[in-house]
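Below is one structure, written out as structure tokens, with a few remarks after it.
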Amino acid sequence: AVVAVYGGDGTMNAAALGLAGGNSALAPLPGGTENALCRELGLSLDPAKAALDLLGGERKPWDLGILGGRFFLVVGGVGFDADVCARSSGIWKRSLGRAAFALSAASEFMKKPRAFSVLVNGRRIEGCWQAVFSNGARYGGGIPFNPDARGDDGILDAAMLSGGGRLGRVIQGLRL
């Protein structure tokens, strides 16, 4: 069976969790703000065109990540990313759409970064301000950041960014 779902990434995450472990396939139709899964799969961001793309497509396995007790299909973040998403949610996102993310990011860049450490394969990385776990090569808005990440390889890729003040964060952000 194929389950077509119209919505954004949160809706796709919820649908995928419900389908996980079964034989049904998720057919994502873009209807959200960023549509990261549809972008990653190379689908049109027009729902009607995406439906046509899916009709001729093949089933493809996709990894399901978990971070902080929540499942995700493409990207999960800790630190800067999580702060931007939290600030952008709710009525602000519904009213401003993608602009809510840009405004939130600008506001977060002005704050002193909250540094944390991450333990990856026994190696501790200190001074992180952003940790991104992904099943895809692109971030919100289609920004490339993890070119080797794939959603069907059984590996959850991670990228940790660390550095000092605002200028360091901007420079590192441009290197993505």
* Asked: Out of (1) open to solvent by 60 Å² or more (accessible area, probe 1.4 Å); (2) assigned to a loop (DSSP other than H, G, I, E, B); (3) farther than 18 Å from residue 11 by Cα; (4) modelled with pLDDT of 85 or more, the odd one out for residue 112 is which?
  -> (4)
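Quickly run through the stretch 15-39 and pick out the residues that are small (Gly, Ala, Ser) and touching a Lys or Arg at 6+ places or on another chain (Cβ under 8 Å).
From the stretch 15-39, those small (Gly, Ala, Ser) are 15-16, 18, 20-22, 24-25, 27, 31-32, 36; that's our starting set.
Answer for the stretch 15-39, where residues must be small (Gly, Ala, Ser) and touching a Lys or Arg at 6+ places or on another chain (Cβ under 8 Å): 25, 36.
If you go through the stretch 92-100 one residue at a time, do you hit one that is more than 20 Å from residue 151 (Cβ to Cβ) and buried (at least 16 other Cβ atoms within 10 Å of the Cβ)? Full working, then the answer.
To start, the set of residues in the stretch 92-100 that are more than 20 Å from residue 151 (Cβ to Cβ) comprises 92-100.
Still in the list and also buried (at least 16 other Cβ atoms within 10 Å of the Cβ): 93, 100.
Within the stretch 92-100, one or more residues are more than 20 Å from residue 151 (Cβ to Cβ) and buried (at least 16 other Cβ atoms within 10 Å of the Cβ).
Given the options 87, 124, 94, name the one that is touching a strand residue (DSSP E or B) at 6+ places or on another chain (Cβ under 7 Å) and basic (Lys, Arg). Full working, then the answer.
Details: 87 fails: touching a strand residue (DSSP E or B) at 6+ places or on another chain (Cβ under 7 Å); 94 fails: touching a strand residue (DSSP E or B) at 6+ places or on another chain (Cβ under 7 Å).
Only one candidate qualifies: 124.
Which is over 28 Å from residue 14 (Cα atoms), surrounded by fewer than 17 Cβ atoms within 10 Å (Cβ to Cβ) and modelled with pLDDT under 80, of 171, 125?
Within the list 171, 125, the selection yields 171.
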* Quickly run through the stretch 42-52 and pick out the residues that are open to solvent by 100 Å² or more (accessible area, probe 1.4 Å) and under 25 Å from residue 139 (Cβ atoms). => 49
* Asked: Does the stretch 57-64 contain any residue that is touching a strand residue (DSSP E or B) at 6+ places or on another chain (Cβ under 6 Å) and in contact (Cβ under 8 Å) with a residue 40 or more places away in the chain?
  -> yes
* When you go through 120, 75 one by one, which is the residue that is loosely packed, with under 14 Cβ neighbours inside 10 Å, among the β-branched types (Val, Ile, Thr) and either touching a Gly at 6+ places or on another chain (Cβ under 8 Å) or without any contact (Cβ under 8 Å) to a residue 60 or more places away in the chain (or both)? -> 120
* **Residues of the stretch 53-65 that turn out to be loosely packed, with under 13 Cβ neighbours inside 10 Å and among the hydrophobic types (A, V, I, L, M, F, W, C), as a count** => 1
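The values are calculated or read from the model by the stated rules, or taken from the named source; none is laboratory data. Predicted, not measured: the structure shown is a model, and the values here were computed from it. Glycine also receives a Cβ, built like all others from the backbone with ideal geometry; neighbour counts cover every protein chain displayed. What goes into the accessible areas is simple: the full protein's heavy atoms, side chains included, and nothing from ligands, DNA or RNA. Shrake-Rupley method; radii C 1.70, N 1.55, O 1.52, S 1.80 Å.
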